[in-house]
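A.B. asks: Sharing a structure below in C-alpha cells format, with a few things to ask.
None of the figures in this text is laboratory data; all of them are computed from the coordinates on show. What you see is a predicted model, and the numbers here were worked out from it, not measured in a lab. Heads up, the Cβs are rebuilt from the backbone with ideal geometry, glycines too, and the neighbour counts pull from every protein chain shown.
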Amino acid sequence: MKAVLVLALKSAWARRLTLGITLVAVALAAALLLAVERVRHDARANFSQSISGVDLVVGPRGGATQLMMYAVFHTGTATQNMRWDSFEALATHPAVAWAVPLSLGDSHRGFPVVGTTPDYFLHRRPAVSPAPTFSAGRPFAGTVDGVFEAVLGSAVAQELGYRIGDRITLSHGMEALGPEHADKPFTVVGILAPTGTPVDRTVHVSLEAITAIHLDWAGGAPLSGLNIPAEQVRKFDLAPKEITALLVGLKSRSDVFRLQRHINAYRGEALMAVLPGVALDELWQTLSTVENSLIAISALVVLVGLAGLTATLLAGLNERRRELAILRSLGAGPGEVFLMLVAEGLVVTVLGVTLGVVLMAVGIVLLAPMTLTHFGIHLQMRPPSANEFALLLSIIGTGLAASLVPGWRAWRMSLADGLTPRN
Amino acid sequence: MSALTLTDLIYRWPRQPAPCLDIPHFEIAAGERVFLRGPSGGGKSTLLAVLGGVALPNSGTVTLLGERLDTLSSRARDRFRADHIGFIFQQFNLLPWLSALDNVLLPCTFSARRAARAGDARATAEQLLTHLDLAPGLWHQPAAELSVGQQQRVAAARALIGKPEIVLADEPTSALDAPRQQRFIDLLLAETRAAGAALLFVSHDDRLAAHFDRRVTLAEINRASTETAA
C-alpha cells in the first residue's frame, strides 16, 4: 500500500501543472473562508477589548452605534457637540468614579486627534493591560504653559517615525490634507506602549490645545484677516466650551441603568448614554446577516474550488486509463487504484488548505495596518483558533468526499478495462 | 507441472449471447514458449485478461502453477498476478513519468516474492536492461522520452524481473518495424529461457513464429466464432 501511495504522489507530480492550479484554487478558497472567520472573530474580540473598563459612553442624542464608533473607535464623525457644563455636571455625579471628556474632529496625517484630559491615560485601557503605559515620555501637561504638547499612540509613532521632541502639526477634519493648523505646531512629549486598541492610532492633546488651535477659526474654516500666533494663545481663555463625547466609569456597576436613565432625561441638553457592551451587541446583531452571508459565500467558494478538484481528477482519469491498466497488470487491485485517486485528491486538498493558511497569514501582515486605520480592527498573527481548525478540517473532509467520486470511477474503470483499455 | 491449463473454459462478454471464448483444453508446460496466432479482435486480449485473473470465465477452470485462479478471491488473484505473471502489451507499457529503471523495478514494489527472487533488484534490473540491449545512458530517462522499441525492451525487462513463472505477451512487436521485430523476439526468448519462465506470445503475424517451442492458432483451441470483438 505504501508503494501505491508513493506511485500516486509521483504520478501526481507528473501532472503538477493542472493539479497545481487546482491546488491554488483550493488555497484561495480556504484563505477566503479563514479570513472571513478571522476578521469576524478579531473584530469582535477587538471591539470588546476596546470598550473594556468603560461603563457608559455619553454624547449628544443620536445613533447609539454612531456615538460608540466615534467616541471609542474614533471612526466616523460626530454631527453635534455637547456643552462643557453638561460634562461638569455629569463628572460630579455621586455615582461616577471617573469621566473623561473627548473632543474629536482633527487629525494628523490620517490619524485621529483626540482632545482630552490627562485622566484619559489612567482610564482608557484594554482589559489585558493596566492603563496605557508610556514607552517613552510622559502625559501632556494639560496646563496653559504646556498647551501644545501631544502624546502619540504606539502605531502613530512607529509608522511616522516620531520620537520625543519632534514637532507635528494638526489638520482640521479627517482628510489627510485638510486645512492645516500649521501655525500652531505641537511637541511630542509622550509615546504610549502598544495596546491593540484604537488608542494605538490616536494622537492625544489637551482640551485646551483643541480650543487654542481653533481660536482664529469659525465654522470649520480659518477666519480671514485674523491670525493669532501660537505664543499669544495664553492670553485667551482656553477653557473648553464644548466636547464631542465622554467616557464614564462608575463606582458601582449596579448603578449603570440608573445613571443611564438620568443622563437620557438630562434637562440641560439632549444627551444620550450608551452601554458600550449593549451597543456592540446591537451592532453585531445588525451585522450578523452580513456576516452569515459572507461565511455562506466563502463556503460556496470552497465548494466551487473542491468541485474543480473533482473535475480535474475526473478529466485526468481518461488520459490515465493506460496508467491504471499497467498498475492493474502489475498486481494492483481496484481498491488500490481507488486509493491512489483518493490520496491524490486528499493531498491536493491538504496542501491547498496549508497554502491557504499561509496566504491568510501573508494577507494579515499586509492588511492589518489598513484594517486598524480604517475599521479599528486589530488583526493578529496567531495560530488558527479552534473554530478555524474546525473550518480547516471540514474543508479537508469535503475534499476527501470530493475525491471519492473520481476514486470510485477509477475503480469501475479499472475493472471494466482489465489489462487493455478500449478507447 | 504445467505452467498453465485451461479446461472447458467459456467466456462471454456481458449482454452478448454467444461466448467469445470456448476452449475445451489448452495447456502450456513449465518453461515452454508458445506462439499463439490469432486475428486482431479474435479474443486474444480477452484470453490474456482471463489468464491474468482480471476477467473471470463464465464456466470452466483456469489453473496456473497448480492454483485454481477462477476460485480465488479477487484480492488473491491480484496477488497471484503480481507474484507469478509478467505482462508485455502492444505499446504504452510504461508509466511515462518514471525512469526506465524504475519501471523495470515496479514488480518488486508490488510483490515481495519477486523482490526476493530478484535479489539485488537494482543490479538485476540493470543486468536485464543490458541483456535487452538498452544503453545505460537511457536507464534514468523518463520512459516517455524513449523510442517505442526501447520502451518495449524496458517492458520485457519489467516482465522478467524477479523470475515470474509465466510471461504473457500481447502483440508486443506490433509497434516495431520489421527488422526490429525479430531482434526483439530473439532477445525476449533468450531472456525468458534464462529466467526459466513459460511464455505465451500472442500475435496475428505468423512470420514471427519461427523460434518458439510450439505454435498454436487461436482457432485450433477456441471453438467460439471469432466475429465478436475483443
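A.B. asks: Can you compute the FRET efficiency between B:Thr71 and B:Arg223 using 1/(1 + (r/R0)^6), with r the Cβ-Cβ distance and R0 = 30 Å? Round to the nearest 0.05. Spell out each step's value before the answer.
C.D. replies: Details: r = 23 Å, r/R0 = 0.78.
It comes out at approximately 0.80.
A.B. asks: Whole-Å semi-axes of chain A's equivalent ellipsoid, largest first, each the root of 5 times a Cα gyration tensor eigenvalue? If you can, show how the numbers build up before the last one.
C.D. replies: Values: eigenvalues 759, 101, 54 Å².
They are 62, 22, 16 Å, listed from largest to smallest.
A.B. asks: Compute the semi-axes of the equivalent ellipsoid of the stretch B:69-164, taking the square root of 5 times each eigenvalue of the Cα gyration tensor, and list them largest first in whole Å.
C.D. replies: Numbers: eigenvalues 114, 44, 21 Å².
Sorted largest first and rounded, they come to 24, 15, 10 Å.
A.B. asks: What does the convex hull of the Cα atoms come to per residue for the stretch B:1-57, in Å³?
C.D. replies: Details: hull volume 5.0 nm³, N = 57.
Normalising the Cα hull of the stretch B:1-57 by residue number yields 88 Å³.
A.B. asks: Same structure, new question: Only Cα pairs within less than 10 Å get springs; with that Gaussian network setup on chain B, which residue of B:Leu168, B:Leu69, B:Leu146 has the largest fluctuation?
C.D. replies: Ranking B:Leu168, B:Leu69, B:Leu146 by mean-square fluctuation puts B:Leu146 first.
A.B. asks: To the nearest 20 debye, what is the magnitude of the charge dipole of the protein assembly as shown about its Cα centre, counting +1 on the Cβ of each Lys and Arg and -1 on the Cβ of each Asp and Glu?
C.D. replies: Working: 57 positive and 55 negative charges, 319 e Å.
In debye, rounded to 20, the protein assembly as shown gives about 1540.
A.B. asks: Which is farthest toward the positive dipole end of the protein assembly as shown among A:Ile164, A:Pro222, A:Thr420, measuring Cα position about the Cα centre, with Cβ charges +1 (Lys, Arg) and -1 (Asp, Glu)?
C.D. replies: So the residue we want is A:Thr420.
A.B. asks: If I model a spin label at B:Ala178 and A:Asn292 as a point 7 Å from the Cα along the Cα→Cβ vector, what separation in nanometres do I get?
C.D. replies: Result for the modelled spin labels: 8.0 nm.
A.B. asks: Now a separate question. Of all the C-alpha pairs in the stretch A:283-379, what % are more than 21 Å from each other?
C.D. replies: 58 percent
A.B. asks: Among B:Pro179, B:Ile161, B:Pro24, which residue has its Cα positioned farthest towards the positive end of the charge dipole of the protein assembly as shown, with +1 placed on the Cβ of Lys and Arg, -1 on the Cβ of Asp and Glu, and the dipole taken about the Cα centre?
C.D. replies: Among B:Pro179, B:Ile161, B:Pro24, the one farthest towards the positive end of the dipole of the protein assembly as shown is B:Pro24.
A.B. asks: Among A:Asp417, B:Asp177, B:Asp213, what is the fewest-to-most ranking by other Cβ atoms within 10 Å?
C.D. replies: The most exposed by this proxy come first: B:Asp177, B:Asp213, A:Asp417.
A.B. asks: Relative to the compact globular guide of 2.2 N^0.38 Å, what is the alpha carbon radius of gyration of chain B, as a ratio?
C.D. replies: Working: Rg = 17.0 Å, N = 230, 2.2 N^0.38 = 17.4 Å.
Scaled against compact globular proteins, the figure is 0.98.
A.B. asks: Here's a follow-up. For chain B, what is the charge dipole size about the Cα centre, in debye to the nearest 20, if Lys and Arg each add +1 at the Cβ and Asp and Glu each add -1 at the Cβ?
C.D. replies: Values: 24 positive and 24 negative charges, 68 e Å.
Charge dipole of chain B: 320 debye, to the nearest 20.
A.B. asks: Of all DSSP beta bridges in chain A, what percent run antiparallel (nearest 5)?
C.D. replies: On the way: 32 of 40 bridges.
Beta bridges within chain A, antiparallel portion: roughly 80 percent.
A.B. asks: May I ask you to list the lysines whose Cα is less than 28 Å away from that of A:Lys235, ignoring any residue fewer than eight positions away on the same chain?
C.D. replies: Cross-link targets: A:Lys184.
A.B. asks: Taking Cα pairs under 8 Å and at least six residues apart, what relative contact order does the stretch B:119-217 come out at, in percent? All intermediate terms of the calculation are to be shown ahead of the outcome.
C.D. replies: Working: 86 pairs, mean separation 28.1, N = 99.
Relative contact order of the stretch B:119-217: 28 percent.
A.B. asks: Please report the spacing between the Cα centers of the stretch B:1-71 and the stretch A:197-268 in Å, no decimals.
C.D. replies: Cα centres, the stretch B:1-71 to the stretch A:197-268: 99 Å.
A.B. asks: Among B:Thr63, B:Leu94, B:Thr46, flag the residue with its Cα farthest along the positive direction of the charge dipole of the stretch B:1-122, charges on Cβ as +1 for Lys/Arg and -1 for Asp/Glu.
C.D. replies: Ranked along the dipole, the leading option is B:Leu94.
A.B. asks: Next up: With label points built 7 Å along Cα→Cβ from the Cα atoms of A:Lys10 and A:Ala416, find their separation and express it in nm.
C.D. replies: The two pseudo-label positions are separated by 2.9 nm.
A.B. asks: To the nearest 20 debye, what is the magnitude of the charge dipole of the stretch B:149-224 about its Cα centre, counting +1 on the Cβ of each Lys and Arg and -1 on the Cβ of each Asp and Glu? Spell out each step's value before the answer.
C.D. replies: Numbers: 10 positive and 10 negative charges, 32 e Å.
Result for the stretch B:149-224 is approximately 160 debye, rounded to the nearest 20.
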